[in-house]
Every structure is written in C-alpha cells, then in structure tokens.
Amino acid sequence: MTSDVRTAIFPVAGLGTRFLPATKVTPKELLPVIDTPLIQYAIDEARAAGIERMVFVSHPSKAAIERHVMDDRDLRATLRARGKSKVAAELAETALCPVDDDVRFVMQHEPLGLGHAVNCARDDVLPGPVAVLLPDDLILGKPGALTEMVSAYGRTDAGHLVAAMTVAPEETSKYGILSVTRRAGQLLEADGMVEKPAPEAAPSREAVVGRYVLDASIFDALDGQAPGAGGEIQLTDAISEGASRVGLAGFRFSGRRFDCGSKTGMLAATLHLARQDPEYAAVLAELDAEMAAERAA
Ligand code: UTP
C-alpha cells in the first residue's frame, strides 16, 4: 500500500507518572498487554498502514525502548542454539531492522508536552503529511485504525484528521473534544477542538484519541506556539489553530480503544485479549467462579 502518509511519529518521552512505581525503570510504552509491549502494537499498526519511516521521540533514560524496537541478533542466535527457533523467528518478524527498515530515534530531553515531542521529529520526517501514534492508546481491530485513517485521508479535504470516538457526557473533561460542523459517515468535519471541557461547555461528545494524520504545516504551528494547559506545548492547540487554514476532521475508527495510560484501561485491555484466547479460559473461569462464590457467601 502506498499513500501520501509516509512517516509515523511515536512520542515515547513522557514520564508515565500514572503508572509509578512500575514506570520508575520500565518505560510505560514497554508495559505489556499479556506478552506484547504497548509500543509493539503501535509499530504493527503503523506497518500495516504502509508507513515507510518510523520516528521515535524518546528520552535518554528510556533507552530500553530502542532495545525492544530494534532487532537483537545475539538474542535470536541464543534462542536458536537452545532449540527455540520459532520464538526467534517471531522476534525477527516484529523487530525493526537497521538495514531494511527506515527508523530514527530523536531525543526530547525534557517532557515539555505532546506538541513539543512531535515538533522534535520535524527534521526527521519525510515530505508530506505525518501520522502520530500514541502507544498508550491501544486500538484493537482489523483493519487497524491507522490503515482506516490513511485511506480516509485520501478521501477528505481536511489537512488534519484525528481519531475520534463518542464518550459519555461526564467524560468530556478527560479529552480534547471536537467542535463538529458536519457528519458524513465515519468523518466528522470540525472547525476546532476544545481541550478537556466540562460537560456543559463541550461542543460535542466526540473525543479525540491517540491517532492523528497531520498536514506538514503542523510543525510551523508548533514552532510559534506558547505553552497551553499545564504549561505544556499542546498538540491539540496546534491542530485547532490549523482547522481554519488546512481543515480538520474527526474519524470514527471501527476498532476498540483502550486507554492503556491508565491502570483501569490496561486491566480492561488485558482481560479483553485474555478472553479471546483459549489458553486463558481455565484461569478466567476459575477467577469468575471464585468471585461468584464470594458474592454468594
Ligand atoms: P501522556 O500524557 O499519556 O503520557 O502522553 P505521560 O505524560 O508519560 O503519562 P502520565 O500522564 O505522566 O502518566 C501520551 C504519549 O505522549 C508521550 C508519552 O510518552 C506517551 O507515549 N509524551 C508525552 C512525550 O513523548 N513527551 C511529552 O512531553 C509528553
């Protein structure tokens, strides 16, 4: 699949404070859902969407991300020597290779906000619009959310396309909310977005989650931007600023999204995937039976 969207940016330099103490040493993006780290789901999604170059915006203290992402030939050789060729082959398939894959790591030395992190990638992107994937937003589904968005991007005039999902009224204050002007199937044309509005101030219930396809002008918008909420350079502000210039639309992806930046979201994602795998049927049934017995007692 070839498209205009050639680069994916993965901002992975955040502090992950909501998961402390787990994230004291282990980056949030490497926390696993069952056995697969969050970053791997995002990489697989970007690959499936035909992305050519992957740019990881990381922090020097999070070098483990690079070690996970890139191929480890020594580990594979050890596994093969111990008769674990299948696992070795699986690792080779999912890892990025410095020869065959176009991968860059850039550093964000201070976590000054998501917008700032995206702007750190500006000198490393290919020409044209860029995709941004937040690995802690896990979106399960086939086709992947980014594949759907890249395809929709070719059909809309909007320069900025953001993943959107409907939330309950009391949830609007947790998200950027789109000011929707027109609905057309999965596309929600918008003239801006408001960061974390109270329910009564929310322009809609369409919340923006962590997948974006952004016009390249986003970098200039971020350059000139003053810190917003929390003193951080907010990506939301730069997207909103571009709405009147390049156009903005939400895209209602068809997969299921889990907020794996939160403990409840991580637990929900783990249980969701475990329920779909016969390997875990017995342990889940045992736990269900225990809970039923406790309730009955
Ligand atoms: P979050 O706000 O969810 O991540 O950013 P966080 O700040 O690490 O987590 P908490 O709130 O303290 O628990 C979403 C994504 O953007 C990255 C994070 O690493 C995460 O993948 N990010 C955030 C950056 O790369 N740089 C930043 O300055 C902020």
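The values are calculated or read from the model by the stated rules, or taken from the named source; none is laboratory data. Source: prediction; values computed, not measured. All Cβ positions, glycine included, derive from the backbone under ideal geometry; neighbour counts span all protein chains shown. Heads up: the accessible areas ignore ligands, DNA and RNA and are worked out on the full protein's heavy atoms, side chains in. Shrake-Rupley method; radii C 1.70, N 1.55, O 1.52, S 1.80 Å.
Quote to one decimal, in nm, the extra length available between residue 90 and residue 200 on full extension: 0.36 nm per residue of separation minus the C-alpha distance between them. Could the numbers behind the result be given before it?
Values: separation 110, 0.36 × 110 = 39.60 nm, distance 4.94 nm.
Fully extending the segment from residue 90 to residue 200 adds 34.7 nm.
Hey, what's segment 108-256 come to in accessible area per residue, 1.4 Å probe, Å²? Could you put the intermediate results ahead of the total?
Numbers: 6150 Å² over 149 residues.
Each residue of segment 108-256 exposes 41 Å² on average to a 1.4 Å probe.
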> When the chain is modelled as a GNM with alpha-carbon springs shorter than 10 Å, which of 272, 59, 116 fluctuates the most?
Replying inline: 272
> In a GNM of the chain with a 10 Å cut-off on Cα contacts, which of 121, 164, 268 has the highest mean-square fluctuation?
Replying inline: 268
> Each label point is 7 Å from the Cα along the Cα-to-Cβ direction; what then is the distance between the points at residue 109 and residue 229, in nm?
Replying inline: 2.9
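Taking only C-alpha pairs under 8 Å that are 6+ residues apart, what is the relative contact order of segment 157-286 in percent?
Numbers: 220 pairs, mean separation 39.7, N = 130.
Relative contact order comes out at 31 percent.
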> Largest first, how would 256, 104 line up by accessible area (1.4 Å probe)?
Replying inline: 256, 104
>> Connecting C-alpha atoms closer than 10 Å in a GNM of the chain, tell me which of 249, 202, 13 has the biggest fluctuation.
In response: 202
> Considering amide H positions built from the backbone, and no H for Pro or chain starts, which residues 5 or more places from residue 33, or on another chain, come under 5 Å of its amide H?
Replying inline: 38
> Can you give me the relative contact order of segment 142-213 as a percent, contacts being Cα pairs under 8 Å and 6 or more apart?
Replying inline: 39
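In the chain, what percent of the accessible surface is made up of carbon and sulfur (1.4 Å probe, ligands and nucleic acids excluded)? Don't skip to the answer; put the middle values down first.
On the way: 7730 of 14790 Å².
Solvent-exposed carbon and sulfur of the chain make up 52 percent of the total.
For residue 142 and residue 256, calculate 0.36 nm times their separation in residues minus their Cα-Cα distance, and state this gained length in nm to one decimal.
Working: separation 114, 0.36 × 114 = 41.04 nm, distance 0.99 nm.
That pair, residue 142 and residue 256, stretches by 40.0 nm at full extension.
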> What list of ³J(HN,Hα) values in whole Hz, one per residue of segment 195-209 in order, does the Karplus curve 6.51 cos²θ - 1.76 cosθ + 1.60 (θ = phi - 60°) give from phi, with Gly and Pro shown as x?
Replying inline: 7, 6, x, 5, x, 6, 9, 6, x, 6, 10, 8, 9, 8, 10
> In the full protein assembly as shown, how much of residue 151 is accessible to a 1.4 Å probe, in Å² to the nearest 10?
Replying inline: 60
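Defining a contact as two alpha carbons under 8 Å apart and six or more residues distant in sequence, what relative contact order in percent does the chain show? Let's see the in-between values first.
Values: 552 pairs, mean separation 64.6, N = 297.
With pairs under 8 Å counted, the relative contact order is 22 percent.
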> For a label point 7 angstrom out from the Cα of residue 151 toward its Cβ, which stretches of segment 49-63 have the backbone nitrogen within less than 14 Å?
Replying inline: 49-50
>> Can you compute the charge dipole magnitude of the chain about its Cα centre, using +1 on each Lys and Arg Cβ and -1 on each Asp and Glu Cβ, nothing else charged? Give it in debye, rounded to the nearest 20.
In response: 440
>> Run the numbers for residue 75 and residue 174: contour at 0.36 nm per residue of separation, minus the present Cα-Cα distance, in nm.
In response: 31.5 nm
> Tell me, how many Å apart are the Cα centres for segment 223-272 and for segment 103-155?
Replying inline: 11
